[in-house]
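Below is one structure, written out as structure tokens; comments come after it.
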Amino acid sequence: MGTVTLGVSIAVPEPYGSYLQQRRAGFGDPAAHGIPTHVTLLPPTEVDSSALPGVERHLATVAAEGRPFTMRLEGTDTFRPLSPVVYVKIVEGVEECTALQERVREASGPCARELQFPYHPHVTIAHGIDEEAMDRAYAELKDFRAAWTIGGFALYEQGADGVWRLDREYPFGGGQGPSGTGPVVPRQVNLSRPPAPSL
């Protein structure tokens, strides 16, 4: 049946997602338009196609046990020189993301894998481009601020064209909000500096 390349992530909602994706493309990152803006929970992982139903069941279980939490982004940082990445920092929601990715990758589950680097949740805005462009990304988004309520995560599959596409969404608590009254919808909490159109 072959293999598929999967990833699990928390999507950055609008208007922030498109804004950061456009900025990433503007810095010259060729991967920008093929990668929705996100926080990684499971990096690209190749699995047998036959294992996909088991992966989906596992993720549904993880999501059912999850609860909504606030994510807040503020400023920029970089993994250089260890890794050629500039990113927007997560200043609230780090512990929740860390716990989630541990559940997703648990050793007894179908997504078990080792990581190349210790887990550090972030939102990539430049990867593998020239140093001058990386410096621009770092400087030009240093005042970026955003916050919202995380209501779940999603499974993505990478196509042969290298583009990541949504496969399935997994709302926390089986699709119910904290009170069990209905689905959780991402909610804007604060944005001190509204996104400006990219040039």
Legend entry - Within region 12-30, tally of residues that are buried (at least 20 other Cβ atoms within 10 Å of the Cβ) and in contact (Cβ under 8 Å) with a residue 40 or more places away in the chain: 8
Inset, instruction - With respect to Phe117, determine if the residue is of a type outside the set (Gly, Ala, Ser), modelled with pLDDT under 95 and within 18 Å of the chain's Cα centre (by Cα). - result: yes
Legend entry - In region 8-59, the residues that are assigned to a helix (DSSP H, G or I), farther than 20 Å from Ala99 by Cα and of a type in the set (D, E, K, R): Arg23, Arg24
Inset, instruction - From Tyr138, Tyr87, Tyr170, grab the single residue that is surrounded by 15 or more Cβ atoms within 10 Å (Cβ to Cβ), touching a residue at least 60 places away in the same chain (Cβ under 8 Å) and part of a strand (DSSP E or B). - result: Tyr170
Inset, instruction - Could you list, in sequence order, all residues of region 17-49 that are aromatic (Phe, Trp, Tyr) and either more than 18 Å from Ile90 (Cα to Cα) or touching a strand residue (DSSP E or B) at 6+ places or on another chain (Cβ under 7 Å) (or both)? - result: Phe27
Inset, instruction - Filter region 102-119 down to the residues that are touching a strand residue (DSSP E or B) at 6+ places or on another chain (Cβ under 9 Å) and outside any helix (DSSP H, G or I), then identify the one that is surrounded by the fewest Cβ atoms within 10 Å (Cβ to Cβ). - result: Gln116
Legend entry - Long-range neighbours under 6 Å by Cβ, at least six apart or interchain, first residue closer than 25 Å to Ile150 by Cβ within region 44-72, second of a type outside the set (S, T, N, Q) and part of a helix (DSSP H, G or I): Val62/Arg103; Val62/Val104; Ala63/Phe172; Ala64/Gly174; Gly66/Phe172; Arg67/Phe172; Pro68/Phe172; Phe69/Glu96
Inset, instruction - Go over the candidates Thr149, Thr124 one by one and state the one that is part of a strand (DSSP E or B) and crowded, with 19+ Cβ neighbours inside 10 Å. - result: Thr124
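The values are calculated or read from the model by the stated rules, or taken from the named source; none is laboratory data. It should be emphasised that the depicted structure is a prediction, and the values quoted were computed from it without experimental measurement. Please note: Cβ atoms are built from the backbone with ideal geometry, for glycine as well, and neighbour counts cover all protein chains shown.
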